[in-house]
Amino acid sequence: MAKFTLKFMLALHDDPRGFDDLSPEEMQQIVRRYTEWAGKLAEEGRMAGGEKLSDDGGKVIRRDGGEAVVKDGPYSETKEVFAGFFLIHANSYEDAVEVSRTCPHLEYGGTIEIRAVDLQ
């Protein structure tokens, strides 16, 4: 098994409304694609973790003056949400980009943000 030196988070962003018109069978097929992709990465020793997040966009807390203010979602002006993440092992950003290019998330109109995990 290959030895990898770095860890990256693949932050998956999408508009969950894009899946509203899919049948349960179509959704299961999409879930299967992600599961197969993650399984392949696990076999290669690249998978370090990951989870799908709920579609609600969550909450953001920011300091406004002396008070912590809670708001819906990170960006109220967009419908795109942080949908989930994978943690992968790779040897460079370029390696992580190549792995990300094979992620089914791109096939369904999503965006992948790649961030190095600070291992210090």
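The values are calculated or read from the model by the stated rules, or taken from the named source; none is laboratory data. This structure is a prediction, so every number in the text was calculated from the model and none was measured. Note: areas computed on protein heavy atoms with side chains; ligands, DNA, RNA excluded. Shrake-Rupley method; radii C 1.70, N 1.55, O 1.52, S 1.80 Å.
Per-structure values
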read-out: Within the accessible area of the chain (1.4 Å probe), percent carbon and sulfur; value: 51
read-out: For region 3-13, Karplus couplings with θ = phi - 60° (6.51, -1.76, 1.60), whole Hz, Gly/Pro x; value: 9, 10, 9, 10, 10, 10, 9, 9, 8, 8, 10
read-out: Arg101 - accessible surface, heavy atoms, 1.4 Å probe, Å² rounded to 10; value: 150
read-out: Choice from Asp64, Asp15, Asp56 showing the highest fluctuation, given a GNM over the chain with Cα pairs closer than 10 Å; value: Asp64
read-out: Lysine pairs in region 1-110 with Cα atoms under 26 Å, if 8 or more residues apart or on separate chains; value: 9
read-out: Backbone HN-Hα couplings from phi across region 87-93 [Karplus 6.51/-1.76/1.60, Hz, Gly and Pro as x]; value: 9, 10, 9, 7, 9, 6, 4
read-out: Volume of the Cα convex hull of region 1-104, divided per residue and given in Å³; value: 129
read-out: Accessible area of the chain divided out per residue, in Å², using a probe of 1.4 angstrom; value: 68
